[in-house]
1. Keeping to region A:68-87, report how many residues are surrounded by 15 or more Cβ atoms within 10 Å (Cβ to Cβ) and more than 7 Å from chain B (Cβ to nearest Cβ).
2. Could you check region A:98-122 and list, in sequence order, the residues that are in contact (Cβ under 8 Å) with a residue 24 or more places away in the chain, open to solvent by 30 Å² or more (accessible area, probe 1.4 Å) and within 22 Å of the chain's Cα centre (by Cα)?
3. State yes or no: is B:Ala265 among the aliphatic types (A, V, I, L, M) and either surrounded by fewer than 20 Cβ atoms within 10 Å (Cβ to Cβ) or farther than 30 Å from B:Phe4 by Cβ (or both)?
4. Suppose we filter region A:9-23 for residues that are touching an Asp or Glu at 6+ places or on another chain (Cβ under 9 Å) and aliphatic (A, V, I, L, M); how many remain?
5. Against the conditions (1) modelled with pLDDT under 85; (2) more than 20 Å from A:Phe90 (Cβ to Cβ), where does A:Gly175 fall short? Just the number, please.
6. Quick check on A:Gly163: is it touching a strand residue (DSSP E or B) at 6+ places or on another chain (Cβ under 9 Å), within 14 Å of another protein chain (Cβ to nearest Cβ) and in a strand (DSSP E or B)?
7. Which of (1) more than 14 Å from every other protein chain (Cβ to nearest Cβ); (2) open to solvent by less than 30 Å² (accessible area, probe 1.4 Å) does B:Ile284 not meet, given it meets every other one?
8. Please go through region A:166-210 and give me each residue that is part of a strand (DSSP E or B) and among the hydrophobic types (A, V, I, L, M, F, W, C), ordered by number.
Amino acid sequence: MREDAVLEAQNLVKTYGKGDSLFTALGGIDLTIRQGEKVAIIGKSGSGKSTLMHLLALLDKPTSGAVFVEGQDAAKLKNGQLGHLRGQKFGFVFQQFFLNGHASVLENVILPLKIAGVGRAERKRRALEALKQVELDDKAKNKAKDLSGGQKQRVVIARAIVGNPSVIFADEPTGNLDTATGQRIEDLLFSLNANQGITLIVVTHDADLAARCDRQIHIQDGRIVDHPEPPAATREPKAPEPAPDQPDAPQPPRRPTPRPRRKVHL
Amino acid sequence: MKLFDLLATASSNMFRSKLRTLLTITAIFIGAFTLTITTGLGLGVSQYLDRQVDAFGAKDLDKIREIDGIKSVAAYHNASIDYVVASDPDKKYQASVTPFLTGSNFSLDAGRYPDNDSKDLELMLPSTYLELLGLGSAESAVGKTVKFGVTNGLGKRTEVEGKISGILGASLVAGTSISPNDALMTRLRAVQAVGQPPVAGEVVQAATARFDAADTEKLKKIKEDLKKLQYEGMTVEDQIGSFKAVINGMIAVLNGFALIALLAAGFGIINTLLMSIQERTKEIGLMKAMGMSPKRIFLLFSMEAVMLGFWGSLLGSLAAIGVGTVVNKLVIESFLKDLVGLQLLTFSPVSVASVILLVMAISFLAGTMPAIRAARKNPIDSLRYE
């Protein structure tokens, strides 16, 4: 295991159903994601890319295989500890926002801190800080339902970063937004990566968004079919081996300007 | 999530769907209202009865405490009288007499108990006779005399005179019998016995036995021994006890109905919570994704259930106390006027608190099923839920 690996997946398998109706959503995924990387998980709908993200984010349990978070085997944690780890290390940005429309913007951003048991004054301060980062501190008292789509997604991002996560999982973050607003959200996410070194894992089928990441993991029928970086050599995806050996992979770049990568056509 | 935040969240969640919450609380309200009223009724009546029993013996216990077992047995003679009359000869009334038992204790409106050790012919008159016999107030009646018409074995009617020593207050227990002392009783019987075959005089309907009433073990033994000899031993407490048992039975049935209402309300809670969990599936998923443990999710929804129960029962009990106080006043001033000291509905803080706690417990139980369901939800299923 690499020193700077924030997430490591070993031979992840996820199946649904039994017998004849057995469906393999993921058929053995090996993956290492280093701190500060920008990774895009791309693939068609039904390819298993969301399943992979859910497993990496500890939102779901694999049928077999293991996920290590900073070297810790998630399977060895109890439910409560798992939730705690998830709350501490991860932030989530969802396509459908999942905001409580009747609560204020501030209340929505405070929620993760409330769950974590942070004190009243402290959590308000931190939530306002997070809102400032997404330039929505003036809307703190508005109800979430009164915001525009782009503003909602910015609230979601504020909610994702308020707990100082090391990884942000973004599931189609721009899926519900028009191009210009989507662009702004992308910029915001990438600036968080550039300025704070937050690892970004984006699930998308938007090739342009994927191209802005350091690395694209192309999922097809539950397997990685195109794994360009790092290392450069593409491994045989069907081999259910442990983590691929990645001896001298370059440090994850923390450049604000994305390096164009090989585009993946679906 | 801290407990206070959990409580605040549960509380605010409760008011998200106001109409549904209101309806559920109303269902609980009805149950709690009924239960508070019925327990209040039970407490009121049983306290009244207890007071009647308390009046018996408390003082006399000391007197007989030193006695081991039965000290003495005296015949409990009865006599039948044709009528009772006071100074106004036109006002003759049928009446029954029951010997006054030393050690009995009744609420007296005036005067004192008849003295069984005295040679004076004394009696205790229920207050209901005062007006009938034209005796005026209770105070003025004490010391006056009444006459009993008695027919002897030869068919000849004689009048026996007795002095009123005390006026018995109206009571559920004491009844309407006139209670002569031993001396008057003996006289009545003697007059009645004239011309009757001797054996009739020897037959007694009951006997009084004295024993140490504080020693319940011994009392039980005495009763058992009596039973072996095919007699029935019954204390005044037993008599009131059987009366009380009937009342308690009725109250239990009423409480049963109230509990059925609460049971229905419990299903209302289950329904409300299930719907609310359904609606908030995504939110639960989100909270789990953000690290909320299943235990806390369970607590959150249980608390919501308990809060529904709390508000419903609090409002229900308060309404019951309000309505009960008004009804109490009306009833006591009208048809239960004669039962001095009766509080038909008695609400003690303990019983009201027990009702609220019971309802909260029922609510918690009703909430467990939906709460477990919420706690078990897989975050990812919840997030995908449409």
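The values are calculated or read from the model by the stated rules, or taken from the named source; none is laboratory data. Note that the coordinates shown come from a computational prediction; the quantities given were computed from them, not determined experimentally. Reconstructed Cβ throughout: ideal geometry from the backbone, glycine too, with neighbour counts over all protein chains shown. To get the accessible areas, we keep the full protein, side chains included, count just its heavy atoms, and leave off ligands, DNA and RNA. Shrake-Rupley method; radii C 1.70, N 1.55, O 1.52, S 1.80 Å.
1. Total meeting the criteria: 7.
2. Scanning region A:98-122 gives A:Leu99, A:Asn100, A:Leu111, A:Ala116.
3. no
4. 2
5. (2)
6. No; evaluated as a whole, the condition is false for this residue.
7. It fails just one condition, (1).
8. A:Val167, A:Ile168, A:Phe169, A:Ala170, A:Leu200, A:Ile201, A:Val202, A:Val203 - these are the residues of region A:166-210 that are part of a strand (DSSP E or B) and among the hydrophobic types (A, V, I, L, M, F, W, C).
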